[in-house]
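Undergrad: Have a look at this one.
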Amino acid sequence: MRDCPLSIVGVDVRNFVRPASSDIVVHHQAIYKARCAALIDVAGGRAITAAAKHHGVDPRTVGRDCEIAMELALDGLRVGFRACIPFRHRRPKLAPAEALIEAPITKGPYAFSQLLMRCVKLKKLVDDYKGALPGGNRKVRTFDRLFGQFKATVRAELSDKDYPFTVKDEGRRALLTYIKRVRLARLEAGAADVEDSQPNVVRFSQLFHLAPLDRIEFDAHKVDVDWHLNLEAPNGKFAKRHIECVTLLAAICAVSRYLLGYVLVLGSYNRLDVLRLFHRVLSPWHPRQLIVPDMQYPVGAQLGLPVNEHGEGPRGVAIAGDNALAHHADVCVENLVAHYRGILNFGPAHVPEVRPYVEALFRLLEQGALRQIAGGFQPETRTHGKTRTSFLSADDHPFHYEGLADLMDVIAAGYNVTPHSGLGGRTPASVLNTHLASGWSWYSSDALADASRLTTMRFFPRIRGDGSTGRLPFVQYYDAHYRSQKLMGRRDLVGQRFPAEANLEDLRHVVLLNPEDGAPWSRLTALPPWDRTPHDLHLRQQIIRARNRGLLELVGSRDAIEAYHAFTREQAAQGKASPDLYARVDAQFKPSSLATNEASTRPVVLPRRGPTSFAHRKD
């Protein structure tokens, strides 16, 4: 052994990590202090033999401490005085160099360490284990699998006749002891006992530098409300009913904080509301004709993405939402992929850190707008009861849908031109407009076409009919029959399937497509009672569900939507159903011009006068 290791001579040991002697086992503290003093003397230039004799330590121990002290520990610092802790840092004897390449044959000192040094693949397998360790009677399956892989690797790389197969437990105890020793050394070095190999990445901004419109967050937020709806009873008086829930859907740019679009739903939302949201994102925004006195839009108010005269407009790259069932619906995913394009990123629900900006927007709109409407309140919590947030009484200020729609539109459009603290006092609209003016945006040449097709569903109906009974060809879709003049003359198509498209916002019409080139072939119109009033898919499904339950009769009805509107009004007035459903139907119910102007447009047919004879065929 060398008498003076040159690597430690002259090193400033004051920079070494030195554990306090009080942290050492009591009966090891004396030898620990002696070994530290000997290490200091060797670093100062004293011979190993002289330093060891002066402090009463074995010279081989002092020389080993000097070598280990200069190595790097798991915390990136030199081991330093931690090498002087008794029975802490172990290593095989390095006297003959060729001994390192030989695997141990039998059990002995440093046998397991020599085994790992002999087989690099085996050492990597053991060092990569991050699972739990067995203790007492507790069994750990992950450790059992590691032990099985450990033995298989030894058999494949070395031999199945030498160590560790020469001991009774085949090296299981040595494996467990080695892993415990490594983890203990990590803890003393100030690191975790197990290194986390999985990066804690929960947002795109941790991977990429995002620009405006690179990431759009969307979600739905349910708010409990106590709004009063006045319903006229049969006796002419008004009955007060409570609207208990409203849902707000919104899409916001994660970089510019620009609100791209929103949808306000009375009650719970569905897949069609998700498509409506992105339809509004791609469509040009137009201010509403406000009916509320003294209400007006702020100067420069804007919503949505701009679209030029050629139908071109910018488009977001990635859409981030949670894994709600309405977001995962087939029609939503297919239409967003086909017509919105970009990247769909569905993450876990109820985790605000994943989509922080849309959650912050919801909180702002809830606390600053919805909770301040007459009847607004803060729900009950574990520590506080239900508290009112508005001094206005819901009894004195009944619910009015058009007024609420005006209020939300003014607030949403004004949000984009309000200085934002997260943008350094700039407005979301100015940040987005500056980015769009730079030209570094993803543009689409079919913005308007894509917006209209987002709410379109393609299906493959079978042409039905019966020539023997004279039943003309028709298409059936959600209990409605559709016909056209062109289809009625094609009895040869009965039994065949045709591609078709339907606008989910208005199911009064269905378009049959040419199977060869996909061009429109014929526009079909629904037969009564589905042809008079515009209605969406969700409303038709609600009507069919009520009819199947025996609550609504459509036979003989001229307008199914008008009949359902009267039914929901009656149910809400009698307290048999929640008024949320009626309020939503009433907001969508707009009688068609065919129904309102029928008396003025339909010709009056007068009976024939005078003598009549049926002798001639023309009569």
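The values are calculated or read from the model by the stated rules, or taken from the named source; none is laboratory data. Because the structure is predicted, anything quoted here is derived from the model rather than measured. Cβ: placed from backbone, ideal geometry, glycine included. Neighbour counts: every protein chain shown. We work out accessible area using only protein heavy atoms, side chains counted, and drop any ligands, DNA or RNA first. Shrake-Rupley method; radii C 1.70, N 1.55, O 1.52, S 1.80 Å.
Undergrad: Does any residue in segment 386-408 that is not assigned by the TED database to the domain that holds Q367 come within less than 6 Å, Cβ to Cβ, of a residue that is surrounded by 14 or more Cβ atoms within 10 Å (Cβ to Cβ) and part of a helix (DSSP H, G or I) six or more places away or on a different chain, and which pairs are these?
TA: Partner pairs satisfying both residue conditions: none exist.
Undergrad: Considering segment 163-203 alone, what residues qualify as being modelled with pLDDT under 85 and within 18 Å of S113 (Cα to Cα)?
TA: Step one: of segment 163-203, the residues modelled with pLDDT under 85 are 181-203.
Correct list: R181, V182, R183, L184, A185, R186.
Undergrad: Right, another one. List the number of the failed condition for R382; all other conditions in (1) outside any helix (DSSP H, G or I); (2) in contact with a helix residue (DSSP H, G or I) (Cβ under 6 Å, 6 or more places away or on another chain); (3) of a type in the set (D, E, K, R) hold.
TA: Checking R382 against (1) outside any helix (DSSP H, G or I); (2) in contact with a helix residue (DSSP H, G or I) (Cβ under 6 Å, 6 or more places away or on another chain); (3) of a type in the set (D, E, K, R), the one that fails is (2).
Undergrad: Would you tally the residues in segment 284-318 being of a type in the set (G, A, S), in contact with a Gly (Cβ under 7 Å, 6 or more places away or on another chain) and closer than 19 Å to V417 by Cα?
TA: 2
Undergrad: Can you confirm whether segment 141-162 contains a residue that is among the small types (G, A, S), closer than 25 Å to F87 by Cα and either open to solvent by less than 60 Å² (accessible area, probe 1.4 Å) or within 46 Å of the chain's Cα centre (by Cα) (or both)?
TA: There is no residue in segment 141-162 that is among the small types (G, A, S), closer than 25 Å to F87 by Cα and either open to solvent by less than 60 Å² (accessible area, probe 1.4 Å) or within 46 Å of the chain's Cα centre (by Cα) (or both).
Undergrad: Would you please list the contacts, defined by Cβ atoms under 7 Å and residues six or more apart or on different chains, that run from a residue in segment 439-451 that is open to solvent by 20 Å² or more (accessible area, probe 1.4 Å) to a residue that is assigned to a helix (DSSP H, G or I)?
TA: Taking only residues 6 or more apart or on different chains, the pairs are S441/H435.
Undergrad: Can you say whether L436 is within 21 Å of R276 (Cβ to Cβ), at pLDDT below 90 and not in a loop (DSSP other than H, G, I, E, B), as far as the supplied structure shows?
TA: No; evaluated as a whole, the condition is false for this residue.
Undergrad: When segment 235-253 is examined, which residues are found to be in contact (Cβ under 8 Å) with a residue 24 or more places away in the chain and open to solvent by 10 Å² or more (accessible area, probe 1.4 Å)?
TA: Hits for segment 235-253 are A239, K240, R241, H242, E244, C245.
Undergrad: Of all residues being open to solvent by less than 10 Å² (accessible area, probe 1.4 Å) and out of contact with any Gly (no Cβ under 8 Å at 6 or more places or on another chain) in segment 217-234, which is nearest to L364 (Cα to Cα)? Just the residue, please.
TA: Ranking the candidates gives V223 first.
Undergrad: Quick check on this structure: which one of V307, V417, V333 is out of contact with any Phe, Trp or Tyr (no Cβ under 8 Å at 6 or more places or on another chain), open to solvent by less than 60 Å² (accessible area, probe 1.4 Å), modelled with pLDDT of 90 or more and farther than 25 Å from S268 by Cα?
TA: None of the others qualify; the one that does is V417.
Undergrad: Quick check on A447: is it in contact with a Gly (Cβ under 7 Å, 6 or more places away or on another chain) and either among the basic types (K, R) or at negative phi (or both)?
TA: yes
Undergrad: Next question, about the same structure. Out of the residues in segment 20-52 that are at pLDDT below 85 and in contact with a helix residue (DSSP H, G or I) (Cβ under 6 Å, 6 or more places away or on another chain), which is surrounded by the fewest Cβ atoms within 10 Å (Cβ to Cβ)?
TA: S21
Undergrad: Just for segment 104-122: of the residues that are assigned by the TED database to the domain that holds R181 and over 13 Å from A174 (Cα atoms), which one is farthest from the chain's Cα centre (by Cα)?
TA: R118
Undergrad: Taking segment 516-548, which residues are in a loop (DSSP other than H, G, I, E, B), among the hydrophobic types (A, V, I, L, M, F, W, C) and open to solvent by less than 30 Å² (accessible area, probe 1.4 Å)?
TA: Just the residues of segment 516-548 that are in a loop (DSSP other than H, G, I, E, B), to begin with: 516-519, 527-536.
Adding the requirement that they be among the hydrophobic types (A, V, I, L, M, F, W, C) leaves 519, 527, 530.
Listed by number, the list holds a single entry, W530.
Undergrad: So for segment 65-81 (the condition being modelled with pLDDT of 75 or more and over 58 Å from the mean Cα position of the chain (by Cα)), does at least one residue qualify?
TA: No, segment 65-81 contains no residue that is modelled with pLDDT of 75 or more and over 58 Å from the mean Cα position of the chain (by Cα).
The rows are residues; the columns are (1) closer than 29 Å to D224 by Cα; (2) acidic (D, E); (3) at pLDDT 85 or above.
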residue	(1), (2), (3)
E516	no, yes, yes
W521	no, no, yes
L537	yes, no, yes
A566	yes, no, yes
A587	yes, no, no
P591	no, no, no
T612	no, no, no
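Undergrad: I would also like to ask the following. Of the residues L392, L407, which single one is more than 26 Å from the chain's Cα centre (by Cα) and either among the basic types (K, R) or modelled with pLDDT of 90 or more (or both)?
TA: The match here is L407.
Undergrad: Here are some conditions: (1) at pLDDT 90 or above; (2) within 24 Å of the chain's Cα centre (by Cα). P287 meets all but one. Which one does it not meet?
TA: It fails just one condition, (2).
Undergrad: Looking at segment 372-394, is at least one residue under 20 Å from A326 (Cβ atoms) and open to solvent by 40 Å² or more (accessible area, probe 1.4 Å)?
TA: no
Undergrad: Report whether or not S468 is surrounded by 15 or more Cβ atoms within 10 Å (Cβ to Cβ), out of contact with any His (no Cβ under 7 Å at 6 or more places or on another chain), outside any helix (DSSP H, G or I) and free of Cβ contacts under 8 Å to residues at least 60 places away in the same chain.
TA: no
Undergrad: I'd like to verify a number: residues in segment 206-216 that are in contact with a Phe, Trp or Tyr (Cβ under 9 Å, 6 or more places away or on another chain) and either among the hydroxyl-bearing types (S, T, Y) or buried (at least 23 other Cβ atoms within 10 Å of the Cβ) (or both), how many?
TA: Number of matching residues: 3.
Undergrad: From the list D580, D559, D506, pick out the single residue that is touching a Cys at 6+ places or on another chain (Cβ under 9 Å) and open to solvent by less than 40 Å² (accessible area, probe 1.4 Å).
TA: D580
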